Amino acid sequence: TQELVKMEEVRRHRGELSRMLKSLNEAYDHLRRLNEELARARQVAEEARRLKAEFATNLSHELRTPLNLIIGFSELMVTAPHLYGDQPVSIPLSGALRRDLDAIHRNAQHLSSLLDDILDLGQIEAGKVGLYKERLPLADVAAEAAAVVEKLFEARGLGLTVTVPADLPSPYADRTRVRQILINLLNNAARFTDRGGVSIRAWASDSDVVVATEDTGIGIAPPDIPRVFEEFHQLGSPDRPAQGGRGLGLAICRHLVELHGGSIWAESEVGRGTTFFFSLPIHEAVVPLTEAATRHRWLRAAQSGDTEARTVVAVAEDPAIQRLFARHLGGYRVVGVPTWEQACELASADPVRAFVVATATPRECLAAVERLPERGYQAPVAICSLPTRQALAQRLGAAAYLTKPVSRAQVEDVLSSLGLRIRRVLVVDDDPEMARLLADMIRSFGRGHRVGLASGGAEALALLRERRYDVVLLDIRMPDIDGQTVLQQMRADEKLRKIPVVVVTAMFGQDAVPNAGTLAITRWPGLSAEELTRCLQASLDSLIETAPSTAGALPATPAGSPAWSETPPLPAAVPGRAV
């Protein structure tokens with residue numbers, strides 16, 4: 001009898017195990033299907049990100065040329081008015097005409113500055129937008145923003161006052177972004193204000209500077225105040241519909257303020273106006289926490305005032321690369337210098353936490369590791385290969401590389417840098433207005449340059465074979481024969497290969513910011529095994545998290561190994577150095 005009871009108990013346990021195994025198999029099958037759906041969703045998300053980046057790049061290209069025309073021609077009207085008269089003498093501009101031209105030029109430059117960051121704006125949801133932070137003279141920035149909207153306020157009969165003390169502590173912020181915040185707030189106020197006007201005030205508060213824009217408009221109902229910073233939310237009422245806009249201005253303000261580590265809020269009373277406040281940190285070491293759960297929280301370093309303790313020196317010949325590090329190394333004060341010698345001089349005078357050295361090629365990156373002095377620096381040194389504009393020009397077979405919008409001073413500098421006696425210049429651009437602008441810029445130098453124009457690659461090659469030109473200014477993207485093909489044919493022609501070519505292009509997103517090739521990290525007298533593995537662990541974690549997924553279904557059995565996406569092998573490490 002006892003044996004029967006035990007056998008029955010064994011059968012019961014076996015049945016329970018069978019049911020548990022069936023449940024586990026069902027759960028595993030469910031997880032497998034979820035993983036397949038997740039992989040498909042990730043592929044869709046990656047494709048959406050790719051299309052967004054492609055759209056931003058194309059939009060940037062399409063906007064750069066018309067912006068360049070606005071900036072360039074308005075600058076020429078002010079600096080070289082004799083080009084617009086019958087006689088080669090300076091034509092005086094009236095005060096009103098000069099003021100309007102200055103306004104056109106200033107606003108176009110503001111749009112150009114914002115256009116430089118179009119690609120970054122696509123990353124705003126992840127908190128990855130780069131900020132070029134500096135000590136900001138807030139009074140000057142407020143005056144610039146007021147000047148941009150001055151005509152709008154005059155047209156609506158509204159007043160605009162700016163009360164920002166000149167001796168206010170300077171916040172550590174991005175000038176273009178703060179100006180954009182103020183312009184958005186002022187435009188928003190103008191749409192909802194019929195009488196009176198708007199005032200801008202600012203004051204210091206603990207470790208922040210607080211800025212307020214106060215209007216005398218219609219006000220906001222209490223239930224709507226929490227929603228004013230939401231995307232696509234537009235204020236309005238049955239008797240007063242939304243006044244233009246697309247409901248993005250205040251949302252962008254919120255994102256930009258939070259990226260600085262500040263806060264933005266509103267106070268309002270219906271019929272008595274609205275005041276928007278935003279704060280900007282004075283302290284330099286402000287680091288965003290990028291985890292989704294803490295997206296809008298910020299970590300501030302101890303308020304010790306020792307901001308130099310977080311100074312990083314960026315060594316790069318190209319100022320654009322120096323600005324790249326300054327924008328994206330959050331929480332550090334980045335100082336850019338062109339040479340390693342200057343970096344060492346700076347380190348001898350001020351405390352430096354780290355050096356970042358940019359080289360043009362991976363080979364130069366590894367060579368730079370070997371050339372570093374064995375003594376004389378204690379801070380870690382990161383060396384990366386990031387092609388400069390000059391390297392891009394060399395890769396194309398050109399003498400120089402300019403990105404639209406191009407200023408008159410840039411054209412003059414690049415022609416002077418060639419070290420040639422230039423008499424004849426050929427400008428090649430499929431946009432006739434852009435070609436005429438560049439030609440007028442060259443003529444305005446007053447050096448007797450003769451300028452030829454070509455509307456495409458085929459016409460340019462024909463002109464080059466007909467007569468001798470000293471320099472060619474060449475657009476890259478053209479409908480018939482593109483600029484790269486023109487360069488290839490010129491280099492293959494014995495008579496044309498020595499003519500210097502200056503590339504003038506709007507293809508900033510794809511060509512002017514290429515991917516880095518190699519990253520090396522070292523510190524004298526070398527890295528310990530613990531430091532080396534810690535650096536390697538952090539690097540691999542970061543790269544594997546962002547690598548394209550090759551995941552499909554889960555392995556055939558629960559005990560199988562996960563499928564990892566392949567990563568390229570690391571180069572051989574230099575002893576005592578992480579590469």
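For the residue pair residue 38 and residue 346, what label-to-label distance in nm results when each label sits 7 Å from Cα along the Cα-to-beta-carbon direction?
Label at residue 38, label at residue 346, 4.3 nm between them.
In what sequence, largest accessible area first, do 344, 384 appear using a 1.4 Å probe?
If we order 344, 384 from most to least accessible, we get 344, 384.
So how far apart, in nm, are the two label points at residue 99 and residue 458 if each is 7 Å from Cα heading toward Cβ?
5.2 nm
Based on the Cβ-Cβ distance from residue 151 to residue 48, what FRET efficiency comes out when R0 is 30 Å, to the nearest 0.05?
The calculated FRET efficiency here is 0.15.
Set Lys and Arg Cβ to +1 and Asp and Glu Cβ to -1, take the dipole of the stretch 413-540 about its Cα centre, and tell me which of 505, 539, 417 lies farthest positive.
417
How large, in percent, is the carbon and sulfur part of the accessible surface of the stretch 336-476 at a probe radius of 1.4 Å?
49 percent
Could you pull the Cα extents of the stretch 161-212 along its three principal axes, largest to smallest, in whole Å?
Extents along the principal axes: 35, 20, 17 Å.
Kindly state, to the nearest 0.05, the FRET efficiency for residue 418 paired with residue 272, given R0 = 51 Å and r defined as their beta-carbon distance.
E(calc), rounded to 0.05, equals 0.20.
Ordering 276, 325 by accessible area with a probe of 1.4 Å, largest first, what comes out?
Sorted by accessible area, descending: 325, 276.
In square angstrom, what is the accessible area per residue of the stretch 381-509 with a 1.4 angstrom probe?
Roughly 43 Å² per residue, with all protein chains present.
Full-extension gain between residue 466 and residue 6, please, as 0.36 nm times their residue separation minus the C-alpha to C-alpha distance.
The span from residue 466 to residue 6 would gain 155.0 nm if fully extended.
Computed over the Cα atoms of the stretch 359-441, what is the convex hull's projected area averaged over all directions, in nm²?
Hull-based average projected area comes out at 8.4 nm².
Sorted by accessible area (1.4 Å probe), largest first, how do 542, 279 line up?
Sorted by accessible area, descending: 542, 279.
Between residue 445 and residue 353, what FRET efficiency comes out of the Förster formula 1/(1 + (r/R0)^6) with R0 = 41 Å and r the beta carbon distance, rounded to 0.05?
E(calc), rounded to 0.05, equals 0.35.
The values are calculated or read from the model by the stated rules, or taken from the named source; none is laboratory data. Worth saying up front: this structure is predicted, and the values here are computed from it rather than measured. For neighbour counting, all protein chains shown are included, and Cβ atoms are generated from backbone atoms with ideal geometry for every residue, glycine included. Heads up: the accessible areas ignore ligands, DNA and RNA and are worked out on the full protein's heavy atoms, side chains in. Shrake-Rupley method; radii C 1.70, N 1.55, O 1.52, S 1.80 Å.
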